Amino acid sequence: MKVLALILSLLVAFPVWGNEPARLDIGGSALVATGRGWGGPQPLELRLSLTKAVPYRSYLVDGPPRLVVDVKDTDFGLARPQDLFGADLAPAIRWGPYREGWSRVVVELPGTYRIDSAGQQARAALSQITVALAPVAAQDFAPRPSATAALRDLPEPAELPAQPGDEGFTVVLDPGHGGFDPGALAEGESEANLVLVFSLELRAALQARGITVEMTRSDDSFVALERRMTTARQARGDLFISLHADALPQGQAAGATVYVWNPAADDRAAEQLSLRHGRDDLVAGADLTGHDDALTGVLMDFVRTDTQPRSESFARWLTSRMSLMGIGMHERPVQRATYSVLKSPDIPSVLLELGFISDHDDRANLLNPLWRGRMVQVVSDAIVGWARDEAARAAMLRQ
Ligand SMILES: [Zn+2]
């Protein structure tokens, strides 16, 4: 079937190669779910509409599972992956030129898949590449084992972008509460202790993957909120994760929840921050000395314009990995809030409620080393995937 599709696509493609590059028609392109997932990932189909037929190839890679489609002589112009219809079905999509004469589309998959079929159809002045993906069990996932191209004369896939660890990639872990502030309490357990235990386990897992980890506290001591943010800036953190396990009123849904900053509160936050901090301490690389507070606010908004979507992207990485690993989530797993520790304008930040200490099941999970191990895996996979995606995006922006 795959061979037939390849032959068909080549037959279609060869007669119409010309000198003008093909262009992506984003309006005619989509990522669509083609069936029910029955609790797991759904079958997906990627449709790329181009202004003419071009040679292409599609394959799967791992770490995390991704679909790669390389297309020859195709100009993606200013089309943005997040504008692709159905882009939210995948944790991340990116595209752009990667080697002379070739462009690449990378779709981060919400699970393990196989390529069911791949083909190219030319209709009138348009051509559509269609790659159908069917979910498979993890043990049946067969990613391309090496970067070696299957066909001669086709380029090697581009080298992976910088991995966490390569460029001093630093994660700041912020176990909530501590010292005289135990946080929430239930059945003899304290939030401060549970989140510290989890954070120390997460630190070990991240360090084992070559990631630099800074902690706002690594023992049972009190650290003021502002001090936590200052630690993150001094460490030149690339990502800030505050960890909590608060209590919640009886009857409310429990489960893990990710909070990101609520940008609606920016004006007020900018005002408060500029009053409390030395200004040049706030925004790395922007000298704000001598500017008035209004301009400081504007510059901070400008920085946050980039930071906010990066925080939200990381939140999606977390929830998609939690879903994959069967971690119970709150009914609204990503929420916006105005927690002080999420205020850093230049460091993507999330607050992760691992669960709620007041909920019997959540508390049992937090006390269970196996559950914690799964959650540590979720968070570290999300960090690695997100960081790789960020590096690719940054590389693309530099071109
Ligand atoms: Zn808390």
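The values are calculated or read from the model by the stated rules, or taken from the named source; none is laboratory data. These figures come from a predicted structure and were not determined experimentally. Here Cβ is always computed from backbone atoms with ideal geometry, including for glycine, and neighbour counts include all displayed protein chains.
Which of the residues spanning the range 122-131 are surrounded by fewer than 20 Cβ atoms within 10 Å (Cβ to Cβ) and modelled with pLDDT of 85 or more?
Matches in the range 122-131: GLN128, THR130.
Just wondering, is there one or more residues in the range 55-63 that are in contact (Cβ under 8 Å) with a residue 12 or more places away in the chain, of a type in the set (Gly, Ala, Ser) and not in a loop (DSSP other than H, G, I, E, B)?
There is at least one residue in the range 55-63 that is in contact (Cβ under 8 Å) with a residue 12 or more places away in the chain, of a type in the set (Gly, Ala, Ser) and not in a loop (DSSP other than H, G, I, E, B).
Is it the case that ARG372 is within 16 Å of the ligand (Cβ to nearest atom) and in the same structural domain as ARG209 (by TED's automatic domain parsing)?
no
If a residue has to be within 20 Å of the chain's Cα centre (by Cα) and outside any loop (DSSP other than H, G, I, E, B) to count, how many in the range 33-54 make the cut?
Residues meeting the conditions: 2.
Among the residues of the range 98-121, is there at least one that is surrounded by fewer than 20 Cβ atoms within 10 Å (Cβ to Cβ), modelled with pLDDT of 85 or more and basic (Lys, Arg)?
Scanning the range 98-121, I find at least one residue that is surrounded by fewer than 20 Cβ atoms within 10 Å (Cβ to Cβ), modelled with pLDDT of 85 or more and basic (Lys, Arg), so the answer is yes.
Identify all residues within the range 190-218 that are over 25 Å from LEU248 (Cα atoms) and either free of Cβ contacts under 8 Å to residues at least 60 places away in the same chain or among the hydroxyl-bearing types (Ser, Thr, Tyr) (or both); write none if there are none.
Within the range 190-218, ARG203, ALA204, GLN207, ALA208, GLY210, THR212, VAL213, GLU214, MET215, SER218 meet the criteria.
Tally up the residues in the range 184-209 that are among the charged types (D, E, K, R) and either within 11 Å of the ligand (Cβ to nearest atom) or not assigned by TED's automatic domain parsing to the domain that holds ASP359 (or both), please.
Qualifying residue count, the range 184-209: 1.
Scanning for something within 16 Å of the ligand (Cβ to nearest atom), among the polar types (S, T, N, Q) and buried (at least 18 other Cβ atoms within 10 Å of the Cβ), does the range 223-233 turn up at least one residue?
No - not one qualifying residue is present in the range 223-233.
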